[in-house]
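See below for the structure under consideration.
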Amino acid sequence: MSIGSALLSAVLAAASATGASAMPFTSGVPDPPAGQLASGPTAGRWGWPLDPRPEVVRRFDRPDRPWLPGHRGVDLAASVGQSVRAPAAGRISWTGVIAGRGVVVVLHEGGLRSTFEPVSATAAVGTTVARGDSVGAVTSTSGHCAPRTCLHWGVLRGETYLDPLSFAGRGPVVLLPLP
């Protein structure tokens, strides 16, 4: 788990334990009414946050317990300066620095949030974005995927981390028995 992911998890856990909202994901900008985030032909569909479709450097690894080690997102091969795009329609709900890494959070319909690091935001908090709109640019951070550069993409529903690849149509293969 990266230092940023560990800190992000700790903030979420502390906020939950005190009954407070998770501070990094609140912005003072009220949530729009349901149905106003997604519109047009892309509503309900997710894409990749990088173009062209990137190589997956490290896959999602759900921890057995929220405080145990795991990988709470996916690492995607990227280039410094590469545009990070909203994988689905939403609203920028937070931007800032956690553990020395720039982070951008996009709130989507259904209570889903996409998190991206290391990223320099190019859109302000409160900005409504469509799928494919630029939300930031990949920055260089030593140690994250060194010696490579990568984008860490996380997806959460509440405090539960989900596999981002399942939203982009590349989730784990599940074999079913023949009837």
Problem set entry | Criterion (closer than 16 Å to residue 49 by Cβ and open to solvent by 10 Å² or more (accessible area, probe 1.4 Å)) met by exactly one of 121, 99, 86 | 121
Exercise. Looking at the range 135-162, which of its residues are surrounded by fewer than 14 Cβ atoms within 10 Å (Cβ to Cβ) and not β-branched (Val, Ile, Thr)?
Worked result: 140, 142, 143, 146, 147, 148, 157, 158, 159
For this session: Go through the range 76-132 and count every residue that is part of a strand (DSSP E or B) and not basic (Lys, Arg).
Result: 28
Problem set entry | Near pairs, Cβ below 7 angstrom, 6+ apart or cross-chain, from the range 138-163 (within 10 Å of residue 118 (Cα to Cα) and part of a loop (DSSP other than H, G, I, E, B)) to any residue that is aliphatic (A, V, I, L, M) and open to solvent by 80 Å² or more (accessible area, probe 1.4 Å) | 139/80; 140/80; 149/80
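The values are calculated or read from the model by the stated rules, or taken from the named source; none is laboratory data. Everything numeric in this text was worked out from a predicted model, so none of it was measured. Don't worry about glycine lacking a Cβ; one is built from the backbone with ideal geometry, like all the others, and counts go over all protein chains shown. What goes into the accessible areas is simple: the full protein's heavy atoms, side chains included, and nothing from ligands, DNA or RNA. Shrake-Rupley method; radii C 1.70, N 1.55, O 1.52, S 1.80 Å.
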